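Take a look at the structure below.
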Amino acid sequence: MPGIELFGPEEKKEVQDVLDTSIFFRYNHDAQRNNHWKARDFESEVKKLTGAKYAHAVSSGSTAVACALAAAGIGAGDEVIVPPFTYIASVEAVLFCGGLPVFAEIDESLCLSPEGIRKAITPKTKAIMLVHMCGQMARMDEIMNIVREHNLTLIEDAGQAFAASYKGTYTGLFGKTGCYSFDFFKIATAAEGGVMVTNDEQCYKNADSYSDHGHDHIGNNRGMENHPIIGFNYRISELHAAVGAAQTRKVPQIREINRKYKKRMMEQLGQVPGVSFAHIPDPAGDSATFLNLLLPDTATAKKTVDLFNQNGIGGFNYWFINMYHFINQWDHLKNLKTAAPLPIHLLGAPQDYNNLQLPKSQEVVGRLISFGIRCSWKEEELEQLIGKIKASLEKALGVHAHA
Ligand SMILES: Cc1ncc(COP(=O)(O)O)c(C=O)c1O
């Protein structure tokens, strides 16, 4: 979780500004706030880094996904293609907007594959919820061709890929709307927070109103504002936005260190016969928050995980058995267990979620072990870690690394 590793005086100063005025609300109170507008600053920083025309900060990455869907006009009864490997929030957001998730295959890019998307398209497909996983990015050229060919709405959940880009365009900005998470674990944190981005003015206006009970935010008398649409409260507080702004300024520095460390890990661990890495469609645009190892098969990956645990190696995720990130563990979702009925209960699920056939996703996630890259590693610490990982990999694979 690199963002929090560099938490320091810059974040404290931004928070102190807010504490000094006690204006925790992002709107209005112009006279009392001593010209501090932290949510706006946070949004400006995100725009500066990504090149987005519009950015709208909200309370979490999850509510940013909800805004991205609503702002792009995705709702009741719309079929939305989703990946089986993601943080579950991407799928929950589709269900809660009234949409019908259709699961499609991922590939070695760890994201929905063009082939998987094509197979999942039906006459009812309205949108693709493309999730850029593990700090990397999807195969955008081919996916954009499908989007255009089938006139689909692309929504990008770049919750894990803030600061990643593909051929110069930042993740989140290929589709109609996109979003980032700034929770505690991300490359930049707001403690809790999220940002929706778009280049479409109407989508931005929709998100701005949707996330605050429909307010149009025109004028400085909140009680007299108009409400072009019905919304809800997904607002970010000024305290959280203050942290997010300071952290976002540090992202280029964090990303540079991440990339250096990831390169070194790939060079050294790639010498072990049988070890490969997730496909990065544009290596120059990797945010490098994760080193994504691919073992030859699931059995070897499980053996490797056991050896890592035995040898005291931490800081990795084996997503295949992780409760939040892979469909195999989502029994509550597959059985549509909810506190109250949703549109999908009335309309019917578009797939038999308990009997999905996603062999490629099973194979890829079964083989995948991801190490979180820490920008606070000391050089010797990293060398030691690489040595230990290498030894475990060699044992699991029964091989010796090429020098
Ligand atoms: C891909 C993805 N989408 C959405 C989210 C949700 O973000 P948050 O935890 O800020 O609600 C996450 C969080 O891990 C994520 O990884």
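Worth a mention:
- Candidate set from segment 164-182 (those that are small (Gly, Ala, Ser) and surrounded by fewer than 24 Cβ atoms within 10 Å (Cβ to Cβ)); member that is farthest from the ligand (Cβ to nearest atom): 168
- Just one of the listed residues (46, 82, 58) is free of Cβ contacts under 8 Å to residues at least 60 places away in the same chain and buried (at least 24 other Cβ atoms within 10 Å of the Cβ), and it is 82.
- Residue check, residue 185 within 14 Å of the ligand (Cβ to nearest atom) and in contact (Cβ under 8 Å) with a residue 12 or more places away in the chain: yes
- Counted residues, segment 353-403 - those being out of contact with any Pro (no Cβ under 9 Å at 6 or more places or on another chain), part of a loop (DSSP other than H, G, I, E, B) and in contact (Cβ under 8 Å) with a residue 60 or more places away in the chain: 2
- Some residue of segment 40-60 being within 16 Å of the ligand (Cβ to nearest atom) and under 23 Å from residue 100 (Cβ atoms): no
- Test result for residue 106, within 14 Å of the ligand (Cβ to nearest atom) and within 25 Å of residue 353 (Cβ to Cβ): yes
- Extreme residue, nearest to residue 162 (Cα to Cα), among residues of segment 188-232 that are in a loop (DSSP other than H, G, I, E, B) and within 16 Å of the ligand (Cβ to nearest atom): 188
- Restricting attention to segment 61-77 and to residues that are buried (at least 24 other Cβ atoms within 10 Å of the Cβ) and within 13 Å of residue 229 (Cβ to Cβ), the residue that is nearest to the ligand (Cβ to nearest atom) turns out to be 67.
- Identity of the residue in segment 109-139, in a loop (DSSP other than H, G, I, E, B) and farther than 21 Å from residue 169 by Cα, that ends up nearest to the ligand (Cβ to nearest atom): 121
- Against the test of being within 29 Å of residue 252 (Cβ to Cβ) and over 17 Å from the mean Cα position of the chain (by Cα), the options 79, 10, 105 yield a single qualifying residue, 10.
- Filter result for the condition that a residue is surrounded by fewer than 20 Cβ atoms within 10 Å (Cβ to Cβ) and more than 27 Å from residue 287 (Cα to Cα), over 384, 357: 357
- Residue check for residue 237: of a type in the set (Ser, Thr, Tyr) and free of Cβ contacts under 8 Å to residues at least 60 places away in the same chain: no
- Verdict on residue 133 being under 16 Å from the mean Cα position of the chain (by Cα), farther than 18 Å from residue 362 by Cα, surrounded by 24 or more Cβ atoms within 10 Å (Cβ to Cβ) and among the hydrophobic types (A, V, I, L, M, F, W, C): no
- Among the conditions (1) closer than 28 Å to residue 383 by Cα; (2) in contact (Cβ under 8 Å) with a residue 12 or more places away in the chain, the only one that residue 325 does not satisfy is (1).
- Single match in 273, 228, 283 (criterion: surrounded by fewer than 22 Cβ atoms within 10 Å (Cβ to Cβ) and either in contact with a Ser or Thr (Cβ under 7 Å, 6 or more places away or on another chain) or among the acidic types (Asp, Glu) (or both)): 228
- Residues in segment 315-342 that are aromatic (Phe, Trp, Tyr), outside any helix (DSSP H, G or I) and closer than 20 Å to residue 389 by Cα: 316, 318.
- Among the candidates 249, 235, the residue that is outside any helix (DSSP H, G or I), of a type in the set (Lys, Arg) and within 20 Å of residue 189 (Cα to Cα) is uniquely 235.
- Each residue in segment 188-231 was checked for being closer than 25 Å to residue 153 by Cβ, free of Cβ contacts under 8 Å to residues at least 60 places away in the same chain and among the small types (Gly, Ala, Ser), and 3 of them qualify.
- Residues of segment 141-163 that are more than 12 Å from the ligand (Cβ to nearest atom) and under 16 Å from the mean Cα position of the chain (by Cα): 154, 163.
Read-outs: derived from the displayed coordinates by stated rules, not from any lab. Every value quoted in this text rests on a predicted model; they were computed, and no experiment measured them. Positions of Cβ are backbone-derived with ideal geometry, glycine not excepted, and every protein chain shown enters the neighbour counts.
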